[in-house]
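Visitor: Pasting in a structure now, in structure tokens, and then I'll have a few things to ask.
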């Protein structure tokens, strides 16, 4: 009798629309999650193309990302990636300046949109919360890269302001959800570089809240190299370029540069770097 009663209740609920909204919401949230995964995969294709020096191909992929996933929270940051790659590959100083200005405009737009999105109330469903976290990731990355952009224009106060904002946003983000792996790349290099400040300047760094922990930075960098779904290639490139190279880690860097040569054969930096490591870690 109980089973019959439950079947009747289920029939009534479906026919009356009682379950219609939850089912519809669940399907919508599931579609959002699938779309986010697809957008992330497309974004990684773009990062890989740029790392391999295929900027025109990266541009075409960005256009397809804009058309197919216009609501993807990291879209603005991915747009920035192509601008940044064009600036770094150009030998024309004026062109680099104009691209840097375009990058700064894109970053400011990212920050404004992400700030608005984050301030809006969100549902407690995991898929919706994940979208909110992606907006916060966009905000933190954009703040940090805006700080870097202003450093390149020698706008020191703005560089300090936005770099610190990015650090604080990303620290808050990994505290809220430690599995946001792309955040660790930026935090890692922040901790590393501020942690290796000469001792006679350490007091000044602490005074303006820019002190860091280089050992923690290396942990974060290695974590992002291994796990970051989008920024792992950039974490690996910067690890080779920006961390101290010594006999103790030369073999690690040689192995990594060999891997990057295979993955990105059109990028001239990786075979050059590998050749440098061979002197410290002979085959």
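Visitor: For 254, 108, which order do you get if you count the other beta carbons within 10 Å of each Cβ and list the fewest first?
Guide: With the fewest neighbours first, 254, 108 line up as 108, 254.
Visitor: Then there is this: Need one number: nm distance between label points at residue 168 and residue 216, each 7 Å from Cα along Cα→Cβ, rounded to one decimal.
Guide: 1.6 nm
Visitor: Just rank 266, 253, 227, 117, fewest to most, by other beta-carbon atoms within 10 angstrom.
Guide: Lowest to highest Cβ neighbour count: 266, 227, 117, 253.
Visitor: What FRET efficiency do you get for residue 101 and residue 275 if R0 is 35 Å and r is their Cβ-Cβ distance, rounded to the nearest 0.05?
Guide: 0.45
Visitor: Tell me, what is the FRET efficiency for residue 251 and residue 193 to the nearest 0.05, using R0 = 25 angstrom and their Cβ-Cβ distance as r?
Guide: E(calc), rounded to 0.05, equals 0.60.
Visitor: Additional query: With a/c under 1.5 counting as rounded, go ahead and sort the stretch 93-186 into rounded, prolate or oblate using the C-alpha gyration tensor (a ≥ b ≥ c being the square roots of the eigenvalues; past the cut-off, prolate if a/b is larger than b/c, else oblate).
Guide: Because a/c hits 1.5 or more and a/b exceeds b/c, the stretch 93-186 counts as prolate.
Visitor: What distance in nm separates the simple spin-label points at residue 244 and residue 67, each placed 7 Å from Cα in the Cβ direction?
Guide: Going from the residue 244 label point to the residue 67 one covers 5.1 nm.
Visitor: Ranking 255, 113 by Cβ neighbours within 10 Å, fewest first, what do you get?
Guide: Ascending number of Cβ neighbours within 10 Å: 255, 113.
Visitor: For the stretch 37-176, rounded, prolate or oblate, judged on the Cα gyration tensor with a ≥ b ≥ c (square roots of eigenvalues), a/c < 1.5 rounded, else prolate if a/b > b/c?
Guide: Oblate shape, in that a/c is at least 1.5 and b/c is the bigger or equal ratio.
Visitor: What is the P(r) of the stretch 235-283, as percent of Cα-Cα pairs per 5 Å bin from 0?
Guide: Histogram of Cα-Cα distances, whole percents per bin: 5, 25, 37, 23, 9, 1.
Here, each number is a calculation from the coordinates, and none is a lab measurement. Note that the coordinates shown come from a computational prediction; the quantities given were computed from them, not determined experimentally. For neighbour counting, all protein chains shown are included, and Cβ atoms are generated from backbone atoms with ideal geometry for every residue, glycine included.
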